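The values are calculated or read from the model by the stated rules, or taken from the named source; none is laboratory data. Just so it is clear, the model here is predicted, and its values are computed rather than measured. Here the Cβ is made from the backbone with ideal geometry for all residues, glycine too, and neighbour counts use every protein chain on show. Protein only, heavy atoms only, side chains kept; ligands, DNA and RNA dropped before computing areas. Shrake-Rupley method; radii C 1.70, N 1.55, O 1.52, S 1.80 Å.
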Amino acid sequence: MPNHSQTNADLLARSLSAVWHPCSQMKHYESFPLVPIARGQGAWLYDYDGKRYLDAVSSWWVNLFGHGNPRINAALRDQLDTLEHVMLAGFTHEPVVQLSERLRGLAPAGLGHCFYGSDGAAAIEIALKMSAHYWRNTGKPGKAQFISLKNSYHGETLGALSVTDVALFRDAYGALIRQQATVPSPDWRNAAAGESAEAYALRCAATLEQHLQQHHAQLAAFIVEPLVQGAAGMAMYHPVYLRRARQLCDEYGVHLIADEIAVGMGRTGTLFACEQANITPDFLCLSKGITGGYLPLSVVMTTDKIYQAFYANETARGFLHSHSYTGNPLACRAALATLDIFAQDGVLAANRTKAAYLNGIARTLSDHHAVRDWRSTGMVWAFEVDSPHRDFAQRCFALALQNELLLRPIGNTIYFMPPYIISDEEMDLLVNRTLQIVDQLS
Ligand SMILES: *Cc1c(COP(=O)(O)O)cnc(C)c1O
């Protein structure tokens, strides 16, 4: 192979020269260097010198069963020798059919139709377009606005950004985005003194109701991240909010879009977060962990009622959206292998034991004088650190690397979102080293 790096320094230099990295101010890599990764194994990533990092953020929330997972690798090798890809318009193949059937069996009842995309943001675009197109097809073309929660994150293409409430990602593109309204987030950290998470969620739902009452004639859908608002800094809330949102959306004739791109696939303790509210959304968006962190794939699951509104003789009534790699067979096989692991290994029950173990050993951290709002939902943990450092996130990231940890704080929020194969010893290491880092930065 020409130009294959053998050292960390060589890979870094070539990367900075040729690769424009995502979610980055490239100049900052002068003071906080890129991390070269040569290979991965289980919960660990390794550089060319054999230095290792515990992947405590699952490589941006995608990895579920470790790097180099033997079962997913075997499924992919088999698929490679059979069919790498075929277009899904006018054609079909076994992996995409199997995956759709299995997801239908696992998802909240009633979501019988799967539409595929490649990335999470594409799934959001699909859900928004499908919702508005449904209303057009059913004689209500005026229903074309959306609402989302304060501090929502739904991806960074223009449609997804229009329902994303993170100023840093939006402001430069304000002129390109159609402004949509937000309603208060049920994030329990905003509850009044003495108010329970549940009472606060109901109070926020009452505001949602007012908004729906006034604007339902223009509204296509309400989009939410169920239970945990990830990119906002792992804001968590009571499931009663989702239950109430489902009732209100039904009452006012507005679709409910559940963005489970980050929280789906077991992350919150159930396979899908919506299960904890016992609701079926009109659209369920999945991506990230769906392939176990191997390949880009996203899917929007929806109901027969919505599907039927597109089923007609006229082409233009159909949903003509497409991506070149829609339903890629390799990605679908990785997803099927991922679902096999869930079923064969009793992953959700094992995760409950792991979560209880981490909660038990984390007392030193949660009781630390500089730690605020310690919280967890399933296999997600988060807390804020009182620190005098204005560049806390970058310092913490760098210090974590020195301590063999891959942590990627959001502002002053440190979170853990480890792969589900993390062992007790690895959780000990994660908590103990994080405690040292918090000590140093507070
Ligand atoms: C990551 C994420 C997205 C966007 O997915 P991409 O694959 O990065 O486009 C959308 N919604 C939520 C909740 C996410 O966490």
Could you list, in sequence order, all residues of the range 263-282 that are assigned to a helix (DSSP H, G or I) and touching a helix residue (DSSP H, G or I) at 6+ places or on another chain (Cβ under 9 Å)? Ala273, Cys274, Gln276, Ala277
Would you please name the residue that is surrounded by the fewest Cβ atoms within 10 Å (Cβ to Cβ), looking only at residues in the range 300-316 that are of a type in the set (S, T, N, Q) and in a loop (DSSP other than H, G, I, E, B)? Asn313
Which listed residue, of Leu219, Leu212, Leu271, is crowded, with 24+ Cβ neighbours inside 10 Å, more than 12 Å from the ligand (Cβ to nearest atom) and either assigned by TED's automatic domain parsing to the domain that holds Glu195 or not acidic (Asp, Glu) (or both): Leu219
Just give me the residues in the range 49-97 being more than 27 Å from Ala38 (Cα to Cα), within 23 Å of the chain's Cα centre (by Cα) and either free of Cβ contacts under 8 Å to residues at least 60 places away in the same chain or open to solvent by 40 Å² or more (accessible area, probe 1.4 Å) (or both), in sequence order. none
Only residues that are without any contact (Cβ under 8 Å) to a residue 24 or more places away in the chain and surrounded by 14 or more Cβ atoms within 10 Å (Cβ to Cβ): list them for the range 15-37, please. Ser15, Leu16, Tyr29, Pro33, Leu34, Ile37
Name the pairs whose Cβ atoms lie under 9 Å apart, with the first residue in the range 314-333 and more than 22 Å from Gln98 (Cα to Cα), the second of a type in the set (A, V, I, L, M, F, W, C) and at pLDDT below 95, and 6 or more positions between them or separate chains? none
Mind listing just one residue for me: the one in the range 105-127 that is within 18 Å of Phe319 (Cβ to Cβ) and surrounded by fewer than 19 Cβ atoms within 10 Å (Cβ to Cβ) and, of those, farthest from the ligand (Cβ to nearest atom)? Gly112
In the range 227-262, which residue that is modelled with pLDDT of 95 or more, part of a loop (DSSP other than H, G, I, E, B) and open to solvent by 10 Å² or more (accessible area, probe 1.4 Å) is farthest from the ligand (Cβ to nearest atom)? Gly253
Give the number of residues within the range 288-299 that are open to solvent by 10 Å² or more (accessible area, probe 1.4 Å) and of a type in the set (Ser, Thr, Tyr). 1
Scanning the range 407-428 for residues that are more than 18 Å from the chain's Cα centre (by Cα) and open to solvent by less than 30 Å² (accessible area, probe 1.4 Å) gives Ile422, Met427
Say whether the condition of being free of Cβ contacts under 8 Å to residues at least 40 places away in the same chain, surrounded by fewer than 16 Cβ atoms within 10 Å (Cβ to Cβ) and not charged (D, E, K, R) is met by at least one residue in the range 434-441. yes
Note on the range 359-415: residues in a strand (DSSP E or B) and β-branched (Val, Ile, Thr) are Val371, Thr377, Val380, Val385, Ile410, Thr413, Ile414
In the set Pro239, Pro226, which member is assigned by TED's automatic domain parsing to the domain that holds Pro186 and in contact with a Cys (Cβ under 6 Å, 6 or more places away or on another chain)? Pro226
